[in-house]
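Read through the structure below, which is laid out as C-alpha cells, and then see the notes.
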Amino acid sequence: MQRSEPAFTSSQPVIMKEVQNLCSSEVFRFRGVKDLEEFSFKKLLEEGKRLAPNLLEVIKIANGSQDERRIVSSLSIMLYNRNQQINLVQKLTGSLLYLGGAQKKVTKIPFKRKRVEKRRRKK
C-alpha cells in the first residue's frame, strides 16, 4: 500500500502563520507581577481563538477536551518551546509551586512494587 501525504501538510502554512501571530502577541508573555494578578485562562483562550483559530482546533482535537485550562496549558507549552519569552503560564505555575512549598530539588520517592507472580495454567 502506498502512503499518501498527510492532510495536515496543506494546512501547514496557515498554522505557521497563526503560531507567528501568537508569538508576536504580548498576552502570553510575562511582563511583571501585574500579569499574574490579572491572569485568566479565559482571556488567554479568547486571544488564542482570535489569533490562531485553526491551531486551537487542532489542540482541542489532540487533547480530547474542551477544558480551557488544558487547551491554554497545551498551547503555552508549545509556544514556550518555540520562544522562551512566551512564559506567562510557566511563571504562574512556578509561582504556585513556590508558594505551595514545593522544593527546587527533585527527590526520588521510594515506593514498593507489588510483585505479581505469573501463575502457570494447568493443562
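The values are calculated or read from the model by the stated rules, or taken from the named source; none is laboratory data. Please read all numbers here as calculations on a predicted model, not as lab measurements. All Cβ positions, even for glycine, are placed from backbone atoms using ideal geometry, and neighbour counts span all protein chains on display.
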Could you grab me the full set of residues in region 24-34 that are assigned to a helix (DSSP H, G or I) and in contact (Cβ under 8 Å) with a residue 60 or more places away in the chain?
none
Only one of (1) closer than 28 Å to Y98 by Cβ; (2) touching a helix residue (DSSP H, G or I) at 6+ places or on another chain (Cβ under 9 Å) is not met by I15, so which one is it?
(1)
Hits in region 42-71 - residues which are under 14 Å from S25 (Cβ atoms), of a type in the set (A, V, I, L, M) and under 14 Å from the mean Cα position of the chain (by Cα):
L44, L45, L55, L56
Please indicate, with yes or no, whether at least one residue in region 100-123 is modelled with pLDDT under 90 and either surrounded by 10 or more Cβ atoms within 10 Å (Cβ to Cβ) or assigned to a helix (DSSP H, G or I) (or both).
yes
Of everything in region 35-65 that's among the acidic types (D, E) and assigned to a helix (DSSP H, G or I), which residue is surrounded by the most Cβ atoms within 10 Å (Cβ to Cβ)?
E47
Check F30 against each of (1) surrounded by 14 or more Cβ atoms within 10 Å (Cβ to Cβ); (2) within 17 Å of the chain's Cα centre (by Cα); (3) over 26 Å from K105 (Cα atoms) and name the one condition it does not meet.
(3)
